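Shown next, in structure tokens, is the structure this report addresses.
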Amino acid sequence: MIKVSILGGSGYAGGELLRILLQHPEVEIGEVTSRRFAGRPVSTAHPNLRKATPLKFTHPDSLSACDVLLVALPNGESMHLMPELLTKASKVIDLGADFRLNDPQVFQDWYGAPHASPELLAQFTYGLAELRRQEIKKTKYLAGGGCEATVSILALYPLVQANLIKPNIIIDAKMSSSQSGMDPSPASHHPERAGCVRSYMPTGHRHTAEIVQELAGGKKLDIAVSATALDMVRGLLVTIHTAPRRQVTEKDIWKTYRQFYGDEPFIRIVKEQRGIYRFPEPKILQGSNYCDIGFELDRRSNRLVVIAAIDNLVKGTAGQAVQAMNLMCGFEETLGLLFPGLHPI
Ligand SMILES: NC(=O)c1ccc[n+]([C@@H]2O[C@H](COP(=O)([O-])OP(=O)(O)OC[C@H]3O[C@@H](n4cnc5c(N)ncnc54)[C@H](OP(=O)(O)O)[C@@H]3O)[C@@H](O)[C@H]2O)c1
């Protein structure tokens, strides 16, 4: 048994960490922090957890030592606190964006401010088990990938590694409202958000930096992300437009994905001939740690279109973090993560 605490436990990512960890056979939950709910039951913020646990929120100022500290603060917070947080636990997993990029200059270029703890960046491993399993097993500090980056990287990694596609890649991402966290904003106000199909970031999405970092491996990649906000609470779908380098068949693409992901517990290649769920669909991934990936070759325009989906709060955040935590702690990688989702939903 290990003792795991959650800093930022009242947020959406924190709630999902709790939901997953309460079912984890090797985890005892230590503290779950919130400034606004300190002293109140965790079900105050996460009503789905009523009767699942008697835990109460504690204030982050009184955080004590634990084996693994999961940090689920808004972007830009943990880089100020990290030197202190590293004294609280031998293993720390940050779910935010602060420690994902290796290069402090790249961080500044994309996030518009200098990094507050640049000397720590090199100590963090990027969180995708499918790309960095062996490194993750040995690391003490881990940065969970961004949700949009996670699904894009997983969809493209085999194709880039196998040199099957040209370097110009266009990612069209459909985003859900829970991606912006628990605090309301004018854009999330119900009359503004309901029914929307809002192109809120046609260019310049920050996750582009980590997608390039994780995929390029010395190659030149020209990746453009366009993000559209949809009227859905959870889930993320990317439609990725690529051009094959040479004549490829769908069999070649299948073979490549199978070669890289055949043994991956949380990646499914979804490309059916019939039915309504022929390609990945975020709706049926809600609550699950799967990443579904499909594709189709367009002979007329010589494009390979890749479609991939995740639950942003599970494989895109909390599930990914628990998967990595399992590896870091020497547990079975899938522990606590085998919920298959719901249908119909
Ligand atoms: N939402 C997603 O789909 C998603 C996907 C991938 C990655 N992430 C990452 O996960 C992290 C958390 O996201 P979220 O959506 O869960 O955010 P959120 O809903 O806004 O939750 C933030 C949490 O941090 C606490 N907090 C805020 N400022 C704090 C501070 N200065 N000190 C201590 N606690 C503080 C908040 O509670 P109190 O204010 O009560 O203390 C709350 O518990 C972010 O970095 C985000 O990038 C989220």
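The values are calculated or read from the model by the stated rules, or taken from the named source; none is laboratory data. Predicted model only: the values in this text are computed from it and were never measured. Reconstructed Cβ throughout: ideal geometry from the backbone, glycine too, with neighbour counts over all protein chains shown.
Worth pointing out:
- In the stretch 179-195, the residues that are under 28 Å from residue 145 (Cβ atoms) form Cβ pairs under 7 Å with partners that are of a type in the set (A, V, I, L, M) and within 16 Å of the ligand (Cβ to nearest atom), at six or more places apart or across chains, as follows: 193/187.
- Enumeration of residues in the stretch 1-36 that are within 15 Å of the ligand (Cβ to nearest atom), part of a loop (DSSP other than H, G, I, E, B) and touching a residue at least 60 places away in the same chain (Cβ under 8 Å): 8, 9, 10, 11
- Single residue of 219, 251 found to be charged (D, E, K, R) and without any contact (Cβ under 8 Å) to a residue 40 or more places away in the chain: 251
- Residue satisfying all of: in the stretch 1-28; of a type in the set (A, V, I, L, M) and more than 23 Å from residue 312 (Cβ to Cβ); modelled with the highest pLDDT among these: 2
- Any hit, the stretch 94-103, residues being away from the ligand (no atom under 14 Å from the Cβ), buried (at least 17 other Cβ atoms within 10 Å of the Cβ) and aliphatic (A, V, I, L, M): no
- Every condition in (1) modelled with pLDDT under 95; (2) over 27 Å from residue 295 (Cβ atoms); (3) of a type outside the set (A, V, I, L, M, F, W, C); (4) away from the ligand (no atom under 16 Å from the Cβ) is met by residue 219 except one, and the failing one is (2).
- Of all residues in the stretch 242-252, those being polar (S, T, N, Q) and either part of a loop (DSSP other than H, G, I, E, B) or within 29 Å of residue 20 (Cβ to Cβ) (or both) number 2.
- Annotation note: Cβ proximity below 6 Å between a residue of the stretch 45-61 that is assigned by TED's automatic domain parsing to the domain that holds residue 8 and a residue that is more than 11 Å from the ligand (Cβ to nearest atom) and not charged (D, E, K, R) (sequence gap 6+ or interchain) occurs for 49/43; 50/43; 52/22; 53/22; 56/41.
- Considering the stretch 309-345, the residues that are acidic (Asp, Glu) and in contact (Cβ under 8 Å) with a residue 12 or more places away in the chain include one that is surrounded by the most Cβ atoms within 10 Å (Cβ to Cβ), namely 311.
- Residue check for residue 93: in a strand (DSSP E or B) and within 15 Å of the chain's Cα centre (by Cα): yes
- Within the stretch 161-197, considering residues that are in contact with a Lys or Arg (Cβ under 7 Å, 6 or more places away or on another chain) and closer than 15 Å to residue 233 by Cα, the one farthest from the ligand (Cβ to nearest atom): 187
- Selected residue [among the β-branched types (Val, Ile, Thr) and away from the ligand (no atom under 16 Å from the Cβ)] from 269, 310: 269
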